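Take a look at the structure set out below.
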Amino acid sequence: MAPTATAAPLRRLAEVDVRLRPATTGDALMLHRWNCAPEVRALAIDARPVSFAAHQAWLTRRLDEPAAPFWIVTHGGLDVGTVRIDRGEARIATISIALDSQARGRGLGRQAIAAAVRAWGLPLRAEILATNLASLRAFTGAGFVADGSRHLADGRLLITTRWRPAHAQP
């Protein structure tokens, strides 16, 4: 496991391009820290806290899904976030991202999303809370377009965006 963004000076984050590497069970603590940070949970569709034990069990199951990529985002040799694609029940797979707090606001999310869609190569959707302006900018900057919205049971507005490869039919 590479050092995380919080373990290095911020200037290191601007030195090289974003890369993706497969996530492993050894990434569990780091993934839990990123995905379960209060500011990340507040912008999640399901904002409930997740215990580390529940996270570890989910991660073990999730890593056993070979047709659904799960990556660690690296930048300058540092682990700075995660991006994953979930097949689920939807006709189109769903992409999601979480970045280390020290990596946010630097365009790394957009770069990581672009790298993931290139690697995936098939249509994708992202569901983003309307209040999550940083994610909306990252996804639209990576070529996603708004494709609808709906209100969740708690009243929050969820925006659906979609990405299609150039060769795909609309």
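The values are calculated or read from the model by the stated rules, or taken from the named source; none is laboratory data. It should be emphasised that the depicted structure is a prediction, and the values quoted were computed from it without experimental measurement. All Cβ positions, even for glycine, are placed from backbone atoms using ideal geometry, and neighbour counts span all protein chains on display. Protein only, heavy atoms only, side chains kept; ligands, DNA and RNA dropped before computing areas. Shrake-Rupley method; radii C 1.70, N 1.55, O 1.52, S 1.80 Å.
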Contacts under 6 angstrom Cβ, first residue in region 107-124 being small (Gly, Ala, Ser), partner surrounded by fewer than 16 Cβ atoms within 10 Å (Cβ to Cβ), 6 or more apart: Gly121/Pro165
Check on Gly148, more than 17 Å from Val73 (Cβ to Cβ) and in a loop (DSSP other than H, G, I, E, B): no
Matching residues, region 137-170, being over 17 Å from the mean Cα position of the chain (by Cα), under 28 Å from Ser101 (Cβ atoms) and open to solvent by less than 40 Å² (accessible area, probe 1.4 Å): Leu152
Leading residue by the ranking (surrounded by the most Cβ atoms within 10 Å (Cβ to Cβ)) among those in region 16-35 that are under 26 Å from Arg118 (Cβ atoms) and in contact with a Phe, Trp or Tyr (Cβ under 6 Å, 6 or more places away or on another chain): Ala23
Any hit, region 61-70, residues being at pLDDT below 95 and within 22 Å of Ile159 (Cα to Cα): no
